[in-house]
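The values are calculated or read from the model by the stated rules, or taken from the named source; none is laboratory data. The structure displayed is predicted, hence computed values, not measured ones. Note that we place each Cβ from the backbone using ideal geometry, even for glycine, and neighbour counts take in every protein chain shown. Surface accessibility is based on the protein's heavy atoms, side chains included, excluding ligands, DNA and RNA. Shrake-Rupley method; radii C 1.70, N 1.55, O 1.52, S 1.80 Å.
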Amino acid sequence: MADTKQYTIGALVSNKAGVLTRICGLFARRGYNIDSLCVCATEDPAISRMTIILNGDRYSLYQMIKQMDKLDDVYKIGCANELDCVYRDLMLVKVKAPSDKRPEIVQVADIYKAKVVDLSLDTMILEITGDPEKLDAFMKVITPYGILESQRTGVTVLARGTHTLKDRDCYGDHVQ
């Protein structure tokens, strides 16, 4: 059995209706699950940037990149090198916050540099930004207080230095 690993695919695509559906359909038809998906417009209103997190082996990664690269609406694509990129994720977490537990929750939030963005009589909403591992660790620590709900934006990634996805070099020859 091949070693599975988490890979980050970055792609510049047409910013128009149907592109996301076609790309997600490509993954579904091949039986691959998208672990995280973040799509947004770029500095060029005609282009969107997609960041897709995929668990799989190198072969499945290569196949997905090759298949996506065939689509007319995909301009540039590659696999991010985790050592040369900055990864960020945003999460909101609503926790039970009775008055006697609030100081503890705020102390935990401060350690992780999370912010209190809403407070009601018995709940608190916390906002935290960072790499995915930091958010996972925060969830483990805050869980005993009682998580009512949470939501993450999905991972965003940019290459360090002057490299851009447009260069494609920062993403290597597709697979790192």
*Want the number for residue 149 to residue 55: 0.36 nm per residue separation, take away the alpha-carbon distance, what's left?*
31.3 nm
*Would you calculate, for the chain, the mean residue ellipticity at 222 nm contributed by helices, counting each DSSP H stretch of 4 or more residues as -39,500 (n - 2.57) and dividing by all residues, to the nearest 500?*
-7500 deg cm²/dmol
*Determine which aspartates and glutamates satisfy two conditions relative to residue 16: a Cα distance under 19 Å, and not lying fewer than 8 residues away in the same chain.*
43, 44, 69, 72, 73
*Could you provide, to the nearest whole Å², the per residue accessible area of the chain with probe 1.4 Å?*
57
*Tell me the trypsin sites (Lys or Arg not before Pro) within region 1-80 that lie in a loop according to DSSP and have at most 14 other beta-carbon atoms within 10 Å.*
16, 30, 70
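About the Cα centre of the chain, what is the dipole size in debye to 20, counting +1 per Lys and Arg Cβ and -1 per Asp and Glu Cβ, all else neutral?
Taking the Cα centre of the chain as origin, the dipole is about 340 debye.
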*Over 19 Å between alpha carbons, listed pairs 5/94; 66/166; 5/140*: 5/94; 5/140
*When only C-alpha pairs under 8 Å and at least 6 residues apart count, what is the relative contact order of region 19-176, in percent?*
29
*Output the DSSP H helices from the chain with an along-axis C-alpha extent of no less than 24 Å and a mean Kyte-Doolittle hydropathy no less than 0.0.*
none
*Quick one: go through region 50-72 and flag any residue whose amide nitrogen is under 17 Å from the point 7 Å out along the Cα-to-Cβ line of residue 14.*
50, 68-72
*Taking Cα centroids, how far is region 57-107 from region 9-28 in Å?*
16
*Hey, of (1) 1.02; (2) 1.05; (3) 1.07, which did the structure itself give for Rg/Rh (Cα atoms, Kirkwood Rh) when calculated?*
(2)
